[in-house]
Amino acid sequence: MSENKYRKVRIKRGPKGWGGPLIIEPKPGRDLIYSVTGGGIHPVAQRIAELTGGRPFDGFKSKAAFEEIAVAVIDCGGTARIGVYPMKKVPTVDIYPTSPSGPLFRFITEKVFVSGVRPEDIELIEE
Amino acid sequence: MGELQIPPYGEEFEACRVKECSVIKYQATVTYIGPLVSEFLDSGIVVLFGEDAPEELRDFAIIHDGHELIESIIPGDCVQIRGETYRINAVGEVANSNLANLGHLVLKFNGANEVEMPGDVCVEARQLPEIQVGDTLIIHAGDRQEEKE
């Protein structure tokens with residue numbers, strides 16, 4: 001393919017959310033939209049995948065190398081997942097409106113984390 | 001009821017205060033303890049996940065083989081680990097779905113009566129048990145009311 005098959009999105013915080021906006025653009029070899037949520041691929045992850053051309057991936061069903069993750073989508077209640085992915089410098093989207101908390105809070109910055117995100121908070125960046 | 005199916009825990013089980021009338025809501029055996037669990041333990045937090053949790057979460061978590069939440073957890077229930085029983089004071093709004101879907105539970109041994117985060121389950125502020133592989137974790141309905149004599 002001569003042109004990039006991936007597209008860029010802006011993900012902004014939802015009501016009562018924190019952080020962001022994140023700009024996400026999958027790249028070859030780093031194109032997983034990694035859903036670490038209960039009940040399969042979350043609609044937010046699905047929308048990011050549809051808009052960017054990234055691959056939706058269920059972190060609880062299959063294993064992936066860290067370097068393959070373009071963005072992690074979590075439904076974290078505020079203690080563990082909220083910090084683990086930012087610590088690994090993986091851009092992280094929490095569907096709950098959490099703020100930095102938990103023992104790993106120091107890794108959670110607005111450059112790498114956004115919360116309270118709904119599908120409508122994700123928009124394509126036209127170039 | 002006398003028909004409760006309770007696996008053989010031996011003397012350790014006898015020593016704890018679970019009564020036969022208590023409804024067991026969740027039951028699991030610890031199968032793995034992540035190398036970074038102390039990051040959370042030092043803050044009085046125990047993070048549990050089911051066996052499907054990805055590697056990066058296993059690092060910070062106590063992994064267990066539980067898979068069925070029989071009844072939602074509510075304040076007043078008890079968590080029993082290594083024969084120690086802790087009363088549950090508060091349950092966050094997403095704690096039950098986390099447990100049912102992912103085997104995920106965040107236990108905060110802080111004695112708080114209100115959760116700080118929606119995933120929290122706050123229990124008595126007492127010394128944490130030294131959890132080891134093979135330990136049993138049971139969440140059962142509270143029976144403190146009946147215990148009063």
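Things worth noting here:
- Residue match in the range B:69-90 (condition: crowded, with 21+ Cβ neighbours inside 10 Å, within 13 Å of chain A (Cβ to nearest Cβ) and assigned to a loop (DSSP other than H, G, I, E, B)): no
- If the condition is being in a loop (DSSP other than H, G, I, E, B) and modelled with pLDDT of 95 or more, then the range A:1-15 contributes A:6, A:7, A:12, A:13, A:14, A:15.
- Boolean, residue A:92 is more than 10 Å from chain B (Cβ to nearest Cβ), touching a Phe, Trp or Tyr at 6+ places or on another chain (Cβ under 9 Å) and of a type in the set (S, T, N, Q): yes
- Restricting the range A:75-127 to residues that are in contact with a Lys or Arg (Cβ under 8 Å, 6 or more places away or on another chain) and assigned to a helix (DSSP H, G or I) leaves a set whose member that is surrounded by the fewest Cβ atoms within 10 Å (Cβ to Cβ) is A:119.
- Here residue B:112 fits the description: over 15 Å from the mean Cα position of the chain (by Cα), modelled with pLDDT of 95 or more and aliphatic (A, V, I, L, M).
- Residue list for the range A:26-40, restricted to those being open to solvent by 60 Å² or more (accessible area, probe 1.4 Å), in a loop (DSSP other than H, G, I, E, B) and under 18 Å from residue A:65 (Cα atoms): A:28
- Identity of the residue in the range A:63-93, touching a residue at least 24 places away in the same chain (Cβ under 8 Å) and of a type in the set (D, E, K, R), that ends up nearest to residue B:50 (Cα to Cα): A:81
The values are calculated or read from the model by the stated rules, or taken from the named source; none is laboratory data. For clarity, every value in this text was computed on a predicted model and none was experimentally measured. When we count neighbours, we look across all protein chains shown, and the Cβ atoms used for this are built from the backbone with ideal geometry, even at glycine. Each accessible area value is taken on the protein alone, full model and side chains, heavy atoms only, with ligands, DNA and RNA left out. Shrake-Rupley method; radii C 1.70, N 1.55, O 1.52, S 1.80 Å.
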